[in-house]
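Heads up: the structure comes next, in structure tokens.
The values are calculated or read from the model by the stated rules, or taken from the named source; none is laboratory data. Model, not experiment: these values are computed from the prediction. We place every Cβ from the backbone using ideal geometry, glycine too, and count neighbours over all the protein chains shown. Heavy atoms of the whole protein, side chains included, go into the accessibility calculation; ligands, DNA and RNA do not. Shrake-Rupley method; radii C 1.70, N 1.55, O 1.52, S 1.80 Å.
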Amino acid sequence: MNSSVFSRGFAFVSLIMTLILVISCSIFIVKPLFYVVQSYCGGCYSDEEVLEITIDESGDLARHEETEMEARIVVGGGIGIFCIALLNAWVCLKRLKNNCIKSPVNKAVGCFGFNLFAVAAISVLKFMLDEVAKDNNGLYTYEEMNMFNVFDFIVYAGILTVLISLINVFTAASAKKALSKM
């Protein structure tokens, strides 16, 4: 008896969604401050203008580069965590596909846990930035602050991925139960 197509399907979708998050974070890491500014100011600033604004705010180029590096470290950590979740999702899918005796459930739980950890950190960052944007809402119009970009995509896709990973845990458990009854 094979593991169900349903459980393998959720394992595959979990794998794909986590891969999409890795790619999105990889895009975001190229210019983290630019994408954050784009999220909260709309498309009204170019990359050069973001550089000028942050230098004016901080007083020098060194502070801008330090902030940019800090943002890259945080996003890079997220990429690392998502890569671990990606490996767990891949192993879970392989175990389900091959009807492996070893439980795919612990790999599904690992994928869920790592995705939850990374998405929670990104969501906290977004919440903090939302508060900063609310404090400065006189500078931007409502339309400018509602531009959808990579940063917003990472948050929303991350929440969806966590939900899919959670469902994957339950479908992997039901597939393991069905295999153990053989």
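Here are some notes:
- Members of the stretch 13-46 that are within 25 Å of Ala85 (Cα to Cα), open to solvent by 20 Å² or more (accessible area, probe 1.4 Å), at pLDDT below 85 and assigned to a helix (DSSP H, G or I): Tyr35, Val36
- Condition broken by Ala85, with the remaining ones in (1) more than 21 Å from Asp47 (Cβ to Cβ); (2) open to solvent by less than 40 Å² (accessible area, probe 1.4 Å); (3) at pLDDT below 85; (4) part of a helix (DSSP H, G or I) satisfied: (3)
- Residue check for Ala118: modelled with pLDDT of 80 or more and among the small types (Gly, Ala, Ser): yes
- Residue in the stretch 147-166 that is over 29 Å from Cys41 (Cα atoms), assigned to a helix (DSSP H, G or I), touching a Ser or Thr at 6+ places or on another chain (Cβ under 8 Å) and modelled with pLDDT of 90 or more present: yes
- The residues in the stretch 47-66 that are surrounded by 14 or more Cβ atoms within 10 Å (Cβ to Cβ) and in contact (Cβ under 8 Å) with a residue 12 or more places away in the chain can be counted, and the count is 5.
- Given (1) free of Cβ contacts under 8 Å to residues at least 40 places away in the same chain; (2) open to solvent by 50 Å² or more (accessible area, probe 1.4 Å); (3) touching a Leu at 6+ places or on another chain (Cβ under 7 Å), index of the condition Met69 fails: (3)
- The stretch 1-31, residues that are among the hydrophobic types (A, V, I, L, M, F, W, C) and touching a Pro at 6+ places or on another chain (Cβ under 9 Å): Ala11
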